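A short write-up of the structure that comes next.
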Amino acid sequence: MKPRDILDNIKRRFPNELEYHQAVEEVVNTLEDEYELHPEFAKYNILERLIVPDKILSFRVTWTDDNGNVKTNMGYRVQHSNAIGPYKGGIRFHSSVNLSILKFLAFEQTFKNALTTLPMGGAKGGSDFSPRGKSEAEVMRFCQAFTEGLWKNIGADTDIPAGDIGVGGREVGYMYGKHKKLTGDFTGSFTGKGREFGGSLIRPEATGYGNVYFLLEMLKLKNIDIKGKRCLVSGSGNVAQYTCEKLIELGAIPVSLSDSDGYIYDPEGITKEKLQFVMDLKNLYRGRIREYAEEYGCKYVEGARPWSEKGDIALPSATQNEIDADSATELVNNGIIAVSEGANMPSTNEAIAIFQKNKILFAPGKAANAGGVSVSGLEMTQNSARLSWSAEEVDQKLKMIMNNIHESCVKYGTEADGYINYVKGANISGFIKIARAMISQGVF
Ligand code: NDP
Ligand code: 8G0
């Protein structure tokens, strides 16, 4: 079957899974030529086998709130592919979580993990539970109940979850603790753990820092200095915070942040001190980004995203589909030079096409945000070797990995006119590695 026919078939068999279609379509669009070049891919039906997840676990999570009400949520784990290593990918807790979203995330994770050069397969999991407004005790009970549904299917050599939207160090700690209690084993069964029990230095920073390292490589090829560049950042969670931290360190000027209620625009720039306010606000008090505008007297726009503001570089770091065709057009008209995705699939396929048509430097999440899972891979190495590396060592390795990913994208994505199609580069590079592993391991 040709890639197009496989895509049509997937759409027909899973008609309501729009995010999954979108992620698969983005890959299929860039793979057609490469597929033709290697008849063995079609012979072993590699593409279809790589699109359909190995296994999907779905379970009910029952927990009790502080008022004694018994609640139920859904829990899922999509074990997408373990062709090149154990399943690896985060856990998302958000009211919007459904199978389509987790399937798209697990699919992209498989390609991303292949790009990192570390031996990790792809997975994603989560629940439609929202930690927002829940007490500390409720979050703990939920995490424990979720782990009860999952624990038999995960493990340091099988499937290693981590955080994602709505799941930070606190939640990973509770899940890790429950997993340890049920198995009796102290192993590297999760990443993103606390420092005291096997967590890696630089893991919290890794996704944001890594995205900026990737951006630096893109700019370097064009002889563009990041200093003084005005950066539109969305989100205000883990990825957005450390993206801002690295941008500020390098002399760039982040001017926006957002959350699910709205965005702030601070034309004077988010400084180190203002960023500390955001970190305390979000990580300690679990407040809203609106409070930044109240504190510093800048603009706050309810129910909107920052893409209509003027900036040189956009680093979307909140969630999927936050940049649509209209936003992309606005960004281009306002003179954007680069878009580097911290979030997973923040741009729609139509938005990507607009960036590429206008020859904007565009880095897809599966390349630009791979720093997070890379340092998770380094955490796994440290856990199994029973040692811990210094922050400098981990940061150095992170930089090297991001530079390697950039190089692979250039290798496979440079087009006849010299434009680097990072989407194509990332997809082909990841695909070839996984396809070879699948062929070598036989048909099953
Ligand atoms: P966090 O939960 O720490 O932060 C998420 C941020 O995005 C919050 O500001 C949140 O606002 C906002 N947000 C979430 N959902 C929506 C929505 N539907 N609409 C508008 N805003 C929303 O998550 P992370 O920072 O870890 O993750 C952000 C993105 O980066 C995700 O796409 C994730 O998959 C991706 N990613 C994360 C990695 C990591 O290491 N953490 C690694 C690679 C990718 P609010 O506070 O209102 O919920
Ligand atoms: O560490 C991880 O496995 C992880 C956590 C959150 C997100 C991601 C990702 O790459 O999207 C990976």
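The values are calculated or read from the model by the stated rules, or taken from the named source; none is laboratory data. Everything numeric in this text was worked out from a predicted model, so none of it was measured. Here the Cβ positions follow ideal geometry from the backbone for every residue, glycine too, while neighbour counts run over all protein chains shown.
Some observations on this one:
The rows are residues; the columns are (1) free of Cβ contacts under 8 Å to residues at least 40 places away in the same chain; (2) of a type in the set (S, T, N, Q); (3) surrounded by fewer than 24 Cβ atoms within 10 Å (Cβ to Cβ); (4) assigned to a loop (DSSP other than H, G, I, E, B).
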| position | (1), (2), (3), (4) |
| --- | --- |
| Glu294 | yes, no, yes, no |
| Tyr300 | yes, no, yes, no |
| Ser317 | no, yes, no, yes |
| Ala328 | yes, no, no, no |
| Gly335 | yes, no, yes, yes |
| Ala351 | yes, no, no, no |
| Ile354 | yes, no, yes, no |
| Lys366 | no, no, no, no |
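Residues checked against (1) crowded, with 20+ Cβ neighbours inside 10 Å; (2) over 24 Å from Val394 (Cβ atoms); (3) touching a helix residue (DSSP H, G or I) at 6+ places or on another chain (Cβ under 7 Å):
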residue: Leu201; (1), (2), (3): yes, no, yes
residue: Glu205; (1), (2), (3): yes, no, yes
residue: Ile224; (1), (2), (3): no, yes, no
residue: Arg230; (1), (2), (3): no, yes, no
residue: Ser236; (1), (2), (3): yes, yes, yes
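- Residue match in region 207-219 (condition: assigned to a helix (DSSP H, G or I) and over 20 Å from the mean Cα position of the chain (by Cα)): yes
- With respect to (1) of a type outside the set (Gly, Ala, Ser); (2) surrounded by 17 or more Cβ atoms within 10 Å (Cβ to Cβ); (3) more than 17 Å from the chain's Cα centre (by Cα); (4) within 16 Å of ligand 1 (Cβ to nearest atom), the lone exception for His179 is condition (4).
- Being within 15 Å of ligand 1 (Cβ to nearest atom) and either out of contact with any Phe, Trp or Tyr (no Cβ under 7 Å at 6 or more places or on another chain) or farther than 24 Å from Ile337 by Cα (or both) is a property that Ser256 lacks.
- Taking each residue of region 141-168 that is under 18 Å from Thr381 (Cα atoms) and looking for partners that are modelled with pLDDT under 95 and of a type in the set (D, E, K, R) with beta-carbon atoms closer than 8 Å, six or more apart or interchain, yields nothing.
- Cβ-Cβ distances below 7 Å connect the following pairs, each with a first residue in region 179-192 that is farther than 15 Å from Glu148 by Cα and of a type in the set (S, T, N, Q), a second residue that is within 16 Å of ligand 2 (Cβ to nearest atom) and in a loop (DSSP other than H, G, I, E, B), and a separation of six or more residues or different chains: Thr187/Ala156; Thr191/Ala162.
- Among the candidates Ala137, Ala145, Ala114, Ala162, residue that is assigned to a loop (DSSP other than H, G, I, E, B), modelled with pLDDT of 95 or more and among the small types (Gly, Ala, Ser): Ala162
- For region 387-394, the condition holds for no residue, the condition being that it is within 30 Å of Ala42 (Cβ to Cβ) and part of a helix (DSSP H, G or I).
- Selection count, region 177-188, where residues are within 13 Å of ligand 2 (Cβ to nearest atom) and either at pLDDT below 95 or closer than 17 Å to Tyr76 by Cα (or both): 0
- Scanning region 58-111 for residues that are part of a loop (DSSP other than H, G, I, E, B), more than 15 Å from the chain's Cα centre (by Cα), within 15 Å of ligand 1 (Cβ to nearest atom) and among the small types (Gly, Ala, Ser) yields Ser95, Ser96.
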